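One structure below.
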Amino acid sequence: MDGRAWRGYFAVGDELTSGVPDRKEGLYLGTELPPQHPLVRAGTPVHGPNLFPSVEGFRATVLDYIDAVTALVIG
């Protein structure tokens, strides 16, 4: 996982546990914020873009899901 947002896709061995590469892959996802958003411009940790694996349609599907869940909460 790269970037100050500290989220998105990470491959097996990309994350450390006690300083040693571990054997898991995963996703940490959140609402996408554009580069001009004040929190992103301020360099606030965990605010910014998600990093997605190169899987066709994956990014759009995940962002659609986040939008749908957010709409449920907001009502």
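The values are calculated or read from the model by the stated rules, or taken from the named source; none is laboratory data. A quick note: this is a predicted structure, and the numbers were derived from the prediction, not measured. Cβ placement follows ideal geometry from the backbone for every residue including glycine, while neighbour counts extend to all protein chains displayed.
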Requested in this report: Kindly provide the set of residues from the stretch 49-75 that are touching a Leu at 6+ places or on another chain (Cβ under 8 Å) and more than 20 Å from residue 37 (Cα to Cα), ordered by number.
Outcome: 62
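Residues checked against (1) farther than 17 Å from residue 6 by Cβ; (2) touching a helix residue (DSSP H, G or I) at 6+ places or on another chain (Cβ under 7 Å); (3) among the hydrophobic types (A, V, I, L, M, F, W, C):
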residue: 16; (1), (2), (3): no, no, yes
residue: 20; (1), (2), (3): yes, no, yes
residue: 26; (1), (2), (3): no, no, no
residue: 33; (1), (2), (3): no, yes, yes
residue: 40; (1), (2), (3): no, no, yes
residue: 45; (1), (2), (3): no, no, no
residue: 49; (1), (2), (3): no, no, no
residue: 52; (1), (2), (3): no, yes, yes
residue: 75; (1), (2), (3): yes, no, no
Requested in this report: Could you tell me which residue of the stretch 1-13 is farthest from the chain's Cα centre (by Cα), considering only residues that are of a type in the set (Gly, Ala, Ser) and either at pLDDT 80 or above or farther than 15 Å from residue 47 by Cβ (or both)?
Outcome: 13
Requested in this report: Could you please find all residues in the stretch 52-63 being loosely packed, with under 10 Cβ neighbours inside 10 Å and among the charged types (D, E, K, R)?
Outcome: 56
Query raised in the report: Got a sec? Which of 34, 45, 38 is under 29 Å from residue 73 (Cβ atoms) and in contact (Cβ under 8 Å) with a residue 24 or more places away in the chain?
Result: 45
Query raised in the report: Got a sec? Which of 33, 63, 39, 51 is touching an Asp or Glu at 6+ places or on another chain (Cβ under 9 Å) and either at positive phi or modelled with pLDDT of 85 or more (or both)?
Result: 63
Query raised in the report: Hey, among the residues in the stretch 14-30 that are over 14 Å from the mean Cα position of the chain (by Cα) and hydrophobic (A, V, I, L, M, F, W, C), which one's modelled with the highest pLDDT?
Result: 20
Requested in this report: Output the residue which, of all residues in the stretch 10-51 that are outside any loop (DSSP other than H, G, I, E, B) and among the hydrophobic types (A, V, I, L, M, F, W, C), is surrounded by the most Cβ atoms within 10 Å (Cβ to Cβ).
Outcome: 10
Requested in this report: Could you give me the residue pairs with C-beta distances under 6 Å whose first residue belongs to the stretch 56-75 and is assigned to a helix (DSSP H, G or I), whose second residue is not aliphatic (A, V, I, L, M) wherever it lies, and which are 6+ apart or on separate chains?
Outcome: 58/52; 59/52
